Amino acid sequence: MNFEFLSADEGVFLFKNVSLAELMYVGNELRKIQKPDSVGKNGKKGKVTWQIDRNVNTTNVCIANCKFCNFYRIPGHAESYITDLESYKTKIEETFRYGGDQLLLQGGHHPELGLKFYTDLFRQLKKLYPKLKLHALGPPEVAHITKLENSTHAKVLKALIESGMDSLPGAGAEILNDRVRRLISNGKCGGKEWLDVMRAAHQLNITTSATMMFGHVETLYERFEHLVWIREVQNEKPKNAKGFLAFIPWTFQDADTILADVKGVHNKVTGEEYLRMIAMSRIMLPNILNIQASWLTVGKEIAQLSLHAGANDFGSIMIEENVVSAAGAPHRFTAKKIQSAIREAGFEPQLRDQQYEYRTLPAAIEEQVVSY
Ligand code: SF4
């Protein structure tokens, strides 16, 4: 198998002209080659990985005005907040009780919070909880801090790593084409800058992930161009760096968003279309090992089918998630439920960390109480 790269045009052609069954078959076969542990042997089922972490928002103050976001508040708004240390402590201790080892730490583009705010915060959290992992910020926030500091991506990333950041999530990619970004997230960094932040992160051997939010104003070609650009950045990484550990495609959640209410843009991605995108992600991205199904946005059944279309990872139980949930994503999993969903799909659940290394399931996990 030589894993030659397909062009964006070839991807569009396959997406449009090949049956779902055939695409799923190819995606599934490639998953078996790329992730041998996901293949059952000697009577044992193949492994599908999952994670326990907690999404904590540093602040909801944001000047980016993304049209799909119900989470942010403008500076000075009565409901605006910056998370205080006591709240972090409560949430971290709860995360440990639920078996988690990591915070997914993200927030808005606060106009007054520069690099020192984040480096002080990371140092404080690591001093209090040395074993805690920080999967923190994302390329748009790094780009925003870089502008506030009149610095460079590399210098900002280096300072963040030195103060305790462990890995950089691939948040805020949406669709990387700037035509789309101007329409839905004009205040965020452009597509090229998103990719440049990731290039700088890989040079510093910071592990990252990549995402795609689709099903809004993008064309099919723009989705495939997005995959090609991510693949190219992965191809440029230094040999010793892991680069993008995973690719996570998820669907635009439209409830009460400006995009839906004012612009009339609704998410029309069907289960079939999502499965096609999972299979095509596996086919288009031979240099990214993990493809994650987004149960949060497509629900349990489609996420389970994704495991037979090229995906090998079920993501995190997300103890707290605000941005996507604020836009109507109705799905929730606890540690027990995510594992039984993986078993129902024919695999053995395997807890992992952010580096995709296996973790032993902690002996005592407090089952999370979920309010639907
Ligand atoms: S998605 Fe992020 S960057 Fe965009 S408005 Fe919401 S908080 Fe700000």
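The values are calculated or read from the model by the stated rules, or taken from the named source; none is laboratory data. Model, not experiment: these values are computed from the prediction. A quick note on method: Cβ atoms are made from the backbone with ideal geometry, for glycine too, and the neighbour counts reach across all protein chains shown. When the accessible area is computed, the model is the full protein with side chains, heavy atoms only, and any ligands, DNA or RNA have been set aside. Shrake-Rupley method; radii C 1.70, N 1.55, O 1.52, S 1.80 Å.
Tabulated values for the structure
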| item | result |
| --- | --- |
| A241 vs. criteria assigned to a loop (DSSP other than H, G, I, E, B) and within 15 Å of the ligand (Cβ to nearest atom) | no |
| Of residues in region 79-115 being away from the ligand (no atom under 16 Å from the Cβ) and assigned to a loop (DSSP other than H, G, I, E, B), the one most open to solvent (accessible area, probe 1.4 Å) | D84 |
| Qualifying residue in region 27-45 (condition: under 30 Å from E367 (Cβ atoms), buried (at least 19 other Cβ atoms within 10 Å of the Cβ), away from the ligand (no atom under 16 Å from the Cβ) and modelled with pLDDT under 95) | no |
| Which listed residue is farther than 22 Å from K47 by Cα, more than 19 Å from the chain's Cα centre (by Cα) and open to solvent by less than 30 Å² (accessible area, probe 1.4 Å), from L204, L259, L227, L220 | L259 |
| Cross-chain or 6+ apart pairs with Cβ under 9 Å, region 169-192 first and farther than 18 Å from Y221 by Cβ and assigned to a loop (DSSP other than H, G, I, E, B), then near the ligand (Cβ under 10 Å from one of its atoms) and of a type in the set (S, T, Y) | G172/S185 |
| Selection within region 174-199 - open to solvent by less than 20 Å² (accessible area, probe 1.4 Å) and either away from the ligand (no atom under 15 Å from the Cβ) or out of contact with any strand residue (DSSP E or B) (no Cβ under 7 Å at 6 or more places or on another chain) (or both) | L176, V180, R181, I184, S185, C189, G191, W194, L195, V197, M198 |
| Top-ranked residue of region 129-143 - restricted to ones that are assigned to a loop (DSSP other than H, G, I, E, B) and not charged (D, E, K, R), ranked as nearest to the ligand (Cβ to nearest atom) | G138 |
| Output for region 280-295, where each listed residue is in a loop (DSSP other than H, G, I, E, B) and buried (at least 24 other Cβ atoms within 10 Å of the Cβ) | L285, A293, S294 |
| Boolean, S316 is more than 27 Å from L285 (Cα to Cα) and either of a type outside the set (K, R) or at pLDDT 90 or above (or both) | no |
| Answer residue from region 127-150, given it is buried (at least 16 other Cβ atoms within 10 Å of the Cβ) and over 23 Å from the mean Cα position of the chain (by Cα) and is farthest from I63 (Cα to Cα) among those | Y129 |
| Checking F71 against (1) touching a helix residue (DSSP H, G or I) at 6+ places or on another chain (Cβ under 7 Å); (2) more than 16 Å from the ligand (Cβ to nearest atom), the condition it does not meet | (2) |
| Q51, sole failed condition from (1) within 16 Å of the ligand (Cβ to nearest atom); (2) touching a Lys or Arg at 6+ places or on another chain (Cβ under 8 Å) | (1) |
| Whichever residue in region 144-168 is outside any helix (DSSP H, G or I) and either within 14 Å of the ligand (Cβ to nearest atom) or not charged (D, E, K, R) (or both) and, among such residues, is nearest to S209 (Cα to Cα) | L168 |
| Enumeration of residues in region 262-279 that are out of contact with any Gly (no Cβ under 6 Å at 6 or more places or on another chain) and either open to solvent by less than 40 Å² (accessible area, probe 1.4 Å) or among the aliphatic types (A, V, I, L, M) (or both) | V262, V265, G271, Y274, L275, R276, M277 |
| Check on G76, within 16 Å of the ligand (Cβ to nearest atom), at positive phi and not polar (S, T, N, Q) | yes |
| Residue satisfying all of: in region 21-63; among the polar types (S, T, N, Q) and assigned to a helix (DSSP H, G or I); nearest to S340 (Cα to Cα) among these | S38 |
